[in-house]
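J.: Below: one structure in structure tokens.
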Amino acid sequence: MLDPKLLRNDIQTVAELLKRRGFSLDTNNYIELENARKEIQTEVERLRNERNVKSKEIGIAKSKGKDVTDLFKNVEGLGAELKKKEEELREVQKGQEKLFMLIPNILHESVPDGLDESANKEIRHWGEPRKFNFTVRDHVDLGAVDGRMDFESAAKISGARFVVLKGLLAKLHRALIQFMLDLHTREHGYEEIYVPYLVNSDSMHGTGQLSKFKADVFAATNPLLFDALPILTEKDKFYGNTGVIDNPAVLFQEYRNPLYLIPTAEVPITNLARNLIYDDKALPKCYVAHTPCFRSEAGSAGKDVRGMIRQHQFEKVELVQLVKPQDSYDALEKLTGHAETVLQKLGLPYRVMALCGGDIGFSAAKTYDLEVWLPSQNRYREISSCSNCTDFQARRMLARWRNPATGKPELLHTLNGSGVAVGRALIAIMENCQDKNGHIHVPPVLHAYMSGVTVI
């Protein structure tokens, strides 16, 4: 969330800065809400002051033995009017908060201009795409051997955009996870962490996934609710398949406040800092976690329908850093370099792209994408996205550190990046390391994780 002071002090400048994203801020709506807030808040303060004055008059009158009946009625009337105005103020503030939550972060000045991915800027590249003297197969055809990459079974048990991996491909997938975790903990100094895969709405709001992107996530609720709600009140007993539920209010609460399957480990890890104040000597906090990720892929119909490129469930090794504000852009360069090391050790050609204003994520002020080379598509595809979210997420979460220079708490800066997406790394290895017979040569750095298997 942006600093409300920025909006109050110079809404037009903020609106101009947000245009770099292609985002149109409704300044008229904001100004109307802000004027209403000021007017009502002034009236609330007037009524409080007048009530306090009248209350003191009652005390003075009583001490002098005077009749205070009329004064009491006056104070009661002021109290009722104050209560009404306070409720009006809360409603206006809710409207402001709703508007604030839909406004993206302001971009760093170094972010390239442009409204879509065609304006992204290549910063550097590593490795050269391999030249093949045979017809390249894509990962779907390579994985079809012995049914090791099985989309039909996944569709049967779950639906489209899922996969079942078997045998040595499943082992290679696991080897990649273990290799990345070891690399980031041993060489890059991250602390490994295990986090829940289901989070509450406060956590999703904290990192910017709700409410603007609610259609992109999966919500988990008790299926009994859908049968129970039409006939159930919170005082009733519900007789379900599992017996009698004496307190349906618990179910109603779950319906109102569902848990969400994480779209990325960024959500639970970053929310560890929610409502905390860190000592300056405890920073930076650098965490790495392997988790599944769940995305509904709303709006992606028809895109990447073949294979594992775009799945509802996939694995990532995620990097998250919590740092002092003055350190965050140096931290972004280092974090990006940590993700690059994965691809370099795997021997996979890639490039680093600075995302333009129109292609950058909601919470990020600056983002680098790592794109790995896929021979079957004859193009680079995203495998990691590394972002500095500055204080945007921290303000939502009230995640702070105590500045020793002032003794006061200040907002942290948060960063995140894939280190890297496991499924896409698997695809890249399969396609870049294939031979003419359809065999896959395992990168040497993974041999120790493959129980001696070097060729699949």
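The values are calculated or read from the model by the stated rules, or taken from the named source; none is laboratory data. Here the structure is a predicted model, which is why all the values come from computation and not from measurement. Here the Cβ positions follow ideal geometry from the backbone for every residue, glycine too, while neighbour counts run over all protein chains shown. In case anyone asks, the SASA skips ligands and DNA or RNA and just uses the protein heavy atoms, side chains included. Shrake-Rupley method; radii C 1.70, N 1.55, O 1.52, S 1.80 Å.
J.: By how many nm would the segment from A160 to R351 grow when fully extended, if each residue of separation counts as 0.36 nm and the alpha-carbon distance is taken off? List each step's numbers first, then the result.
T.: On the way: separation 191, 0.36 × 191 = 68.76 nm, distance 3.02 nm.
Contour length minus Cα-Cα distance gives 65.7 nm.
J.: Now, a different point. Need the list of lysines near K73 for cross-linking: C-alpha distance under 23 angstrom, and skip anything on the same chain fewer than eight residues off.
T.: Output for K73: K54, K56, K62, K64, K83, K84, K85.
J.: On full extension of the chain, what length is gained from K324 through Q178, given 0.36 nm per residue of separation minus the C-alpha to C-alpha distance?
T.: Extra length from K324 to Q178 when fully extended: 49.6 nm.
J.: Can you pull the accessible area of T13 for me, 1.4 Å probe, Å² to the nearest 10?
T.: Here the accessible area works out near 60 Å².
J.: Run down the aspartates and glutamates and flag those whose C-alpha is under 13 Å from the C-alpha of K285, throwing out any fewer than 8 positions away in its chain.
T.: Those aspartates and glutamates meeting the cut-off are E191, E192, D327.
J.: Further question on the same structure: What list of ³J(HN,Hα) values in whole Hz, one per residue of the stretch 187-203 in order, does the Karplus curve 6.51 cos²θ - 1.76 cosθ + 1.60 (θ = phi - 60°) give from phi, with Gly and Pro shown as x?
T.: 9, 10, x, 7, 8, 6, 9, 10, 10, x, 9, 10, 10, 8, 5, 4, 5
J.: Give me the distance in nm between label points sitting 7 Å out from Cα along the Cα-to-Cβ direction at N52 and R186, one decimal.
T.: 6.5
J.: Would you mind getting me the FRET efficiency between H447 and D26? Use the beta-carbon distance for r and R0 = 51 Å, nearest 0.05.
T.: 0.35
J.: So what does log10 I(q)/I(0) come out to for the chain at q = 0.06, 0.10 Å⁻¹, using the Debye formula with one equal point on every Cα and no solvent?
T.: Cα-only, vacuum Debye calculation for the chain: -0.37, -0.87.
J.: Please go through the residue pairs K131/K436; K38/K214; K98/K303 and name each one whose alpha carbons sit more than 23 Å apart in this structure.
T.: The pairs that break the limit, which is 23 Å between Cα atoms, are K38/K214; K98/K303.
J.: Any idea how far the Cα center of the stretch 45-93 sits from the one of the stretch 423-441, in Å?
T.: Each part reduced to its Cα centre gives a spacing of 77 Å.
J.: Over the chain, what is the mean sequence separation of C-alpha contacts under 8 Å (at least six apart), divided by residue count, expressed as relative contact order in percent? Show your work: numbers first, answer last.
T.: Details: 803 pairs, mean separation 89.4, N = 456.
Once divided by the residue count of the chain, the mean separation gives 20 percent.
J.: Under the rule of at least 5 residues apart or a separate chain, name every residue whose amide H is placed under 5 Å from the amide H of A220.
T.: L259, Y260, L261
J.: Compare the peptides 19-28, 379-388, 159-168 by average per-residue count of other Cβ atoms within 10 angstrom and give them in order, highest first.
T.: Going by the mean number of other Cβ atoms within 10 Å, highest first, we get 379-388, 159-168, 19-28.
J.: First check a/c for the stretch 158-219, with a ≥ b ≥ c the square roots of the eigenvalues of its C-alpha gyration tensor; if it is under 1.5, answer rounded, and if not, answer prolate when a/b is larger than b/c or oblate otherwise.
T.: Verdict is oblate for the stretch 158-219.
J.: Sticking with this one: In the stretch 353-456, what percent of the accessible surface is made up of carbon and sulfur (1.4 Å probe, ligands and nucleic acids excluded)?
T.: 48
J.: Compute, for H439, the solvent-accessible surface of its heavy atoms (probe 1.4 Å) with the complete set of protein chains present, and express it in square angstrom to the nearest 10.
T.: 80
J.: Given the convex hull over the Cα atoms of the stretch 53-133, what projected area results after averaging over all orientations, in nm²?
T.: Projected area, direction-averaged: 12.4 nm².
J.: Can you pull the one-decimal nm distance between simple spin-label points at Q344 and S110, each 7 Å off the Cα toward Cβ?
T.: Between Q344 and S110, the simple spin-label model gives 1.8 nm.
J.: Once you charge only the Cβ atoms, +1 for Lys and Arg and -1 for Asp and Glu, what is the size of the charge dipole of the stretch 78-127 about its Cα centre, to the nearest 20 debye?
T.: Details: 8 positive and 11 negative charges, 48 e Å.
Computed charge dipole of the stretch 78-127: roughly 240 debye.
J.: Output the direction-averaged projected area (hull surface divided by four) of the convex hull of the alpha-carbon atoms of the stretch 353-456, in nm². Don't skip to the answer; put the middle values down first.
T.: Details: hull surface 41.3 nm².
Dividing the Cα hull surface by four gives the mean projection, 10.3 nm².
J.: Could I ask something else about it? What is the distance, in nm, between label points placed 7 Å from the Cα along the Cα-to-Cβ direction at K131 and at K73?
T.: 10.0
J.: What does the helix-only formula give at 222 nm for the chain: each DSSP H stretch with n ≥ 4 adding -39500 (n - 2.57), the total divided by the residues, and the result rounded to the nearest 500 deg cm²/dmol?
T.: Working: 13 runs with 178 residues, N = 456.
Calculated mean residue ellipticity at 222 nm is -12500 deg cm²/dmol.
J.: Once you compute Rg and the Kirkwood Rh from C-alpha atoms, what is the Rg to Rh ratio for the stretch 75-195?
T.: With Rg and the Kirkwood Rh in hand, the quotient comes to 1.25.
J.: Another one. Using modelled amide H (1.01 Å from N, peptide plane; none on Pro or chain starts), what sits under 5 Å from the amide H of N403, excluding residues fewer than 5 places away?
T.: K408, E410
J.: Can you spot the lysines whose alpha carbon is less than 18 Å from K281's alpha carbon? Ignore those fewer than 8 places along the same chain.
T.: Of all the lysines, those that pass the test against K281 - Cα under 18 Å, at least 8 places apart if same chain - are K324, K408.
J.: Add +1 for every Lys or Arg and -1 for every Asp or Glu among the other residues with Cβ under 13 Å from the Cβ of L183, and state the total.
T.: -2
J.: Over the chain, average the accessible area per residue using a 1.4 Å probe and give it in Å², no decimals.
T.: I get 50 Å² per residue for the chain.
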